[in-house]
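One structure is given here, and the rest of the page talks about it.
The values are calculated or read from the model by the stated rules, or taken from the named source; none is laboratory data. Because the structure is predicted, anything quoted here is derived from the model rather than measured. In this analysis, Cβ positions are derived from the backbone assuming ideal geometry, glycine residues included, and neighbour counts consider all displayed protein chains. Keep in mind that these areas ignore ligands, DNA and RNA; they rest on the heavy atoms of the full protein, side chains included. Shrake-Rupley method; radii C 1.70, N 1.55, O 1.52, S 1.80 Å.
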Amino acid sequence: MQNHMQAAVVEQFGQPLVIQQLPIPVPGAGQILVRTEACGVCHTDLHAAQGDWPIKPGLPFIPGHEGIGIVTALGAGVTAVKMGDRVGVPWLYSACGHCEYCLAAREPVCASAEFGGYTKNGGFAEYILADPNYVAHIPANLAARDAAPLICAGVTSYKGIKETQVKPGDWIVISGVGGLGHLAVQFAKAMGLHVCAVDIDDGKLAHARRLGADVTVNVRQNDAIAVVRQMTGGGAHGVLITAPSLSAFKQGVGMTRKWGTCVLVGLPPGEFPTPLFDVVANCITIRGSFVGNRLDMAEALAFGAEGKVKADIELQPLTAINSVLKRMEQGEIPARVVLEFGHQGH
Ligand code: NAD
Ligand code: ZN
Ligand code: ZN
C-alpha cells in the first residue's frame with residue numbers, strides 16, 4: 001500500500017487551497033482510518049477557508065465534513081465499527097460523552113466537541129482519521145456520493161425543521177434553497193408541511209418547485225415579507241434560514257407567524273437587527289440550531305435510504321476544489337457539489 005495521499009489544504013485564510021501529497025495518517029488507540037470515496041462541499045468549508053468566524057481553525061488544515069468512505073484500519077481497542085464498514089465523518093467529529101449537553105443528546109454544543117474539517121482534518125483528502133463513536137453509519141442502499149450531502153446539509157436541515165416545532169399541515173418557509181435548502185424542501189414535504197421556498201435566484205426557486213415547494217418567492221422583489229405573509233395566511237408557523245446572507249435573517253423573522261419559531265442555521269459572519277417590539281408582542285421564538293445529534297443523523301439518513309430525500313449532486317475531482325469554492329461564493333452552484341475519489345492504483 002502506498003503511504004501518501006492527496007489532500008486539499010488551507011495554508012492561509014482567503015487564499016486558494018493547495019493540493020499536497022501528505023503521509024496517510026496512522027490511527028492511534030481509539031481511532032479509525034477511512035478511505036474517502038466522496039465528500040460534499042458545504043458553504044461552511046468556504047467560511048472555514050476564509051477564516052470568517054470568531055473561532056478559527058488552526059493552520060494548516062484540511063476542510064470537508066461530508067466525507068464518506070470505507071474503514072480501512074482500526075486503532076487499538078476499537079469495537080464500534082468493523083473493517084470494511086461504510087461510514088461518514090461529520091462536522092460533529094467527537095464530543096466528551098459525559099457533560100450535561102452530551103447526556104441530554106445536545107452533543108453539538110459540548111465544550112470539548114471537535115469539528116471535522118475545522119478543528120480536525122476533514123474529507124478533502126483521500127484518507128481521514130475519525131472517531132468510531134461519532135461516525136455516521138451509512139445505510140447499505142445509499143451510494144457514497146448520495147450519502148455525502150446528507151451528513152451535514154441533510155441532518156442540519158432536518159434538525160432545523162424539527163426545531164421549529166411545526167406539525168403536519170403547518171407552513172414552513174425555507175430561506176435559501178442551495179445545498180441545505182434544497183434538502184430542507186424535501187424533508188419538509190416528507191414531513192407533511194406546506195412549503196414556501198425563498199431565495200434571491202429564480203433558478204434555485206424553479207428547482208425548489210420541482211422538488212415540491214408549494215409556493216416560491218424571490219426576496220429581491222419588493223415587499224417579499226408581505227407576499228410571504230399573504231401566501232401563508234399570516235406568516236409561516238416555522239421559518240428555517242439557511243441563507244448565508246445577513247439580510248435573510250431580519251426578513252425571516254418578519255415572515256414568522258405569531259407564536260411561530262424562526263430557526264437560524266446559516267452562518268454568515270456578523271449580526272442582524274431584530275425588530276424587538278414585533279418579536280415580543282407576537283410571541284415569536286428565534287433559536288439557533290447546530291447540525292444534529294447522532295440520532296438525528298440516523299433519522300436523516302433513513303429518509304435518504306427510503307428515497308424520500310435525494311441530493312442533487314454535481315461530481316467533481318478533488319483538484320477542482322478552488323473553482324468549486326469560487327462558484328459557491330458567486331452563488332453559481334445549483335445544489336451540492338460532491339468531490340469523488342478514484343483511488344486509482346491503490
Ligand atoms: P449554499 O451556498 O449551497 O446555498 C445558499 C443559498 O442561499 C443559495 O441558494 C443562495 O442563492 C441563497 N441566498 C443567498 N442570499 C440569500 C438571501 N438574502 N435570501 C435568501 N436566499 C439567499 O450554502 P449551504 O451549503 O446551503 O450553507 C448555507 C449556510 O448554512 C452557510 O452559512 C453554512 O455555513 C451554514 N451551515 C450551518 C450549519 C449549522 O449547523 N447551523 C450546517 C451547515 C451549514
Ligand atoms: Zn456543512
Ligand atoms: Zn460533552
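Run lengths n ≥ 4 of DSSP H only: what is the helix-derived mean residue ellipticity at 222 nm for the chain, with -39500 (n - 2.57) per run over all residues, to the nearest 500?
Working: 11 runs with 91 residues, N = 346.
Computed ellipticity for the chain at 222 nm equals -7000 deg cm²/dmol.
Per residue, how large is the accessible surface of segment 188-346? Use a 1.4 angstrom probe and give square angstrom.
Here the per-residue accessible area is 48 Å².
Rg and Dmax of segment 155-288, using alpha carbons, in Å: what are they?
In order Rg, Dmax, the Cα atoms of segment 155-288 give 12.9, 37 Å.
Go through segment 52-66 residue by residue and turn each phi into a ³J(HN,Hα) via Karplus (6.51, -1.76, 1.60, θ = phi - 60°); whole Hz please, and just put x for glycine and proline.
Each residue of segment 52-66 in turn: 6, 9, x, 9, 9, x, x, 9, x, 8, 9, x, x, 9, 10 Hz.
As an exercise, use a Förster radius of 22 Å and the Cβ-Cβ distance of Asp278 and Leu246 to find the FRET efficiency, rounded to the nearest 0.05.
Efficiency for this residue pair is about 0.80.
How far apart, in nm, are the 7 Å Cα→Cβ label points at Gln221 and Ala80?
Between Gln221 and Ala80, the label points sit 4.8 nm apart.
Name the aspartates and glutamates eligible as straight-distance cross-link partners of Lys310: C-alpha to C-alpha under 16 Å, and not fewer than 8 places from it in the same chain.
Glu66, Asp146, Glu299
Can you list residues from other chains, or at least 5 along the same chain, whose modelled amide H is less than 5 Å from the amide H of Asp170?
His194
Could you run the Karplus curve 6.51 cos²θ - 1.76 cosθ + 1.60 with θ = phi - 60° over segment 9-16 and give me ³J(HN,Hα) per residue in whole Hz, x for Gly and Pro?
Coupling constants for segment 9-16: 10, 7, 9, 9, 5, x, 10, x Hz.
Could you give the nm distance between label points at Gln50 and Gln165, where each point is 7 Å from its Cα heading toward the beta carbon?
The answer from the label model is 3.4 nm.
Over the chain, with every protein chain in place, what whole percent of the accessible area is carbon and sulfur at 1.4 Å, could you tell me?
On the chain, the fraction of accessible area on carbon and sulfur atoms equals 53 percent.
Which of the residue pairs Lys258/Lys308; Lys56/Lys120; Lys167/Lys258; Lys167/Lys308 have a Cα-Cα distance greater than 22 Å in the structure shown?
Values: Lys258/Lys308 31 Å; Lys56/Lys120 12 Å; Lys167/Lys258 15 Å; Lys167/Lys308 18 Å.
Lys258/Lys308, as the Cα separations exceed 22 Å there.
Would you report the distance distribution of C-alpha pairs in the chain as whole percents per 10 angstrom bin, up to the bin with the largest distance?
Final binned percentages: 6, 27, 34, 23, 9, 2, 0.
Under 5 Å between amide H atoms, partner at least 5 residues away or on a different chain: which partners does Ile286 have, H built in plane at 1.01 Å?
Cys262
Using 7 Å Cα-to-Cβ label points, what is the Gln15/Ala206 separation (nm, one decimal)?
4.1 nm
For the chain, modelled as a GNM with alpha-carbon contacts under 10 angstrom, which of Gly266, Gly307, Gly123 fluctuates the most?
Gly307
Output the relative contact order of the chain, whole-number percent, from Cα pairs under 8 angstrom with separation of 6+ residues.
18 percent
With the chain treated as a Gaussian network of Cα nodes joined by springs under 10 Å, which of Gly254, Gly77, Gly122 yields the largest mean-square fluctuation?
It is Gly77.
What list of ³J(HN,Hα) values in whole Hz, one per residue of segment 276-285 in order, does the Karplus curve 6.51 cos²θ - 1.76 cosθ + 1.60 (θ = phi - 60°) give from phi, with Gly and Pro shown as x?
4, 4, 5, 5, 5, 5, 9, 6, 8, 9
If the cut-off is a Cα-Cα distance under 12 Å, which aspartates and glutamates reach Lys326, setting aside same-chain residues fewer than 8 apart in sequence?
Those aspartates and glutamates meeting the cut-off are Asp45.
Work out the length of the dipole vector of the chain about its Cα centre, built from +1 on the beta-carbon of each Lys and Arg and -1 on the beta-carbon of each Asp and Glu, and round it to the nearest 20 debye.
It comes to approximately 560 debye.
Once amide H atoms are built 1.01 Å from N in the peptide plane, which residues 5 or more positions from Lys120, or in another chain, come under 5 Å H to H?
Phe115
Quick check: residue separation of Cys99 and Thr72 times 0.36 nm, minus the Cα distance between them. What number comes out in nm?
This chain segment gains 6.6 nm when fully extended.
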